[in-house]
Amino acid sequence: MDRKNISWDGLNFDVPPEFEVSGIDKKFLQLDNGEQPCIELRWYDAGKTYKEKNYFRQLAKKVESASGLKIESSVLPASWKKPLQKFDTTAFYWQSDLSTGRGVMFYCKKAAKVMLVQFIGKNDEQIDDAAVMIFNSLRFSNPAEDHCWRIYDIKATLPGKLKLESFEFKPGRFSITLADQIETVTLYRFSPADIILKQRSLGEFSKELFSEEIKNMNLSRAELEYDKGATCMFGQKKSPSTANLALAKLSPKRRPYGQIEIRYTQESNRILAVLVKSRQQIPEDRAQNIFKQYDIIQ
């Protein structure tokens, strides 16, 4: 069966290709089957002291207070048993005047995570096939290793120590910002590139887009154009001022060192950009190395 991978905020799984992300948040995804939202996934940090009954009661209370729906425990569907046999599971269902739903809550001891997956609407073959595929492929990323981010038409691999800080998914503009105590990395994707660059160069677009960063971090530009695309890079020829370095020592949120790289290719008709901010001096090839594992899904 054909499939595609989705990787978001430490969770990785496969789904049939007709399903697409229609709702997104930190540790939350909603999937649409082309007609309506029908799958929701939520995951929580649980530590090593998971107690099934306590978590299920808490879940039921949250749902009931938020929506008025009453959640009841149920028997795990037969097709789910084998892919979920390695987890501690609690199946559930709910019903309202407008819809019905069923799902499962389970605990992954290795990752110390509680996973909640629910399926909204009628239980047909399409939904059951998607459920089995998700459960067979689902895994949590190891915090000590690189994490894959694969959502819509972009894919990237970044260190697991960088945590999701913010994101934006709007028509023509995506961005994902990750950070740790030292570094902030923001990935951008813009489309359609041929329209954006119809009356301006990639360099002109970049200067407009990152005008504040260029000014505040005193960045200099280098631009390269070629037959089927262009690359634009911004770096610091001089170290940040003494005042900016002193302020950075006082506030961990201040990141005086910066680097930007923007790429455009005709083949993808997309513009990708990487913005790096840091409390420490940035290696010259930092953004370039991020681009080695940041691309458009063709």
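The values are calculated or read from the model by the stated rules, or taken from the named source; none is laboratory data. Model, not experiment: these values are computed from the prediction. Neighbour counts run over all protein chains shown; Cβ positions are idealised from the backbone, glycine included. We work out accessible area using only protein heavy atoms, side chains counted, and drop any ligands, DNA or RNA first. Shrake-Rupley method; radii C 1.70, N 1.55, O 1.52, S 1.80 Å.
Summary table
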item	result
Where trypsin sites (Lys or Arg not before Pro) fall in DSSP loop in segment 62-150, at most 14 other Cβ within 10 Å	Lys70, Lys86, Lys109, Lys110, Lys122
Alpha carbon centroid spacing (whole Å) that separates segment 214-261 from segment 136-213	17 Å
Accessible area per residue in Å² at 1.4 Å probe, computed on segment 158-238	57 Å²
Cα shape, segment 143-298, gyration tensor, a/c 1.5 rule	oblate
Mean ellipticity per residue at 222 nm, deg cm²/dmol - from DSSP H runs of n ≥ 4 across the chain, formula -39500 (n - 2.57)	-6000 deg cm²/dmol
Label-point gap, in nm, between Tyr226 and Thr242 - each point 7 angstrom along Cα→Cβ	4.4 nm
Cα gyration tensor shape of segment 1-123, rounded if a/c is under 1.5, else prolate or oblate by comparing a/b with b/c	rounded
Other-chain or far-sequence residues with amide H under 5 Å of Leu138's (modelled H)	Asp14
Segment 144-277 - percent of accessible surface contributed by carbon and sulfur, probe 1.4 Å	48 percent
Charge dipole magnitude, Cβ of K and R +1, D and E -1 - segment 169-298, Cα centre, debye nearest 20	520 debye
Segment 94-214, relative contact order [Cα under 8 Å, separation at least 6], %	11 percent
Normalised contact order of segment 179-298, rounded percent, pairs of Cα under 8 Å and 6 or more residues apart	31 percent
Qualifying GluC sites (Glu not before Pro) in segment 61-150, DSSP loop, other Cβ atoms within 10 Å at most 11	Glu145
Accessible-area ranking of Asp45, Asp32, largest first, probe 1.4 Å	Asp45, Asp32
Per-pair calculated FRET efficiency, R0 = 25 Å: Lys207 and Gln281 via Cβ, rounded to 0.05	0.60
Three-way shape call for the chain based on the alpha-carbon gyration tensor, with the a/c threshold at 1.5	prolate
Ranking by accessible area, most exposed first, for Arg286, Arg263 with a 1.4 Å probe	Arg263, Arg286
21 Å Cα-Cα threshold exceeded, pairs from Lys155/Lys207; Lys113/Lys161; Lys62/Lys113; Lys109/Lys155	Lys155/Lys207; Lys109/Lys155
Leu224 - accessible surface, heavy atoms, 1.4 Å probe, Å² rounded to 10	100 Å²
Magnitude of the charge dipole, the chain, Cβ model with Lys/Arg +1 and Asp/Glu -1, debye to 20	1420 debye
FRET efficiency, Asn142 to Gln199 (Cβ-Cβ, R0 45 Å, nearest 0.05)	0.45
Highest-MSF residue in the chain out of Ile271, Ile195, Ile71 [GNM, Cα springs under 10 Å]	Ile195
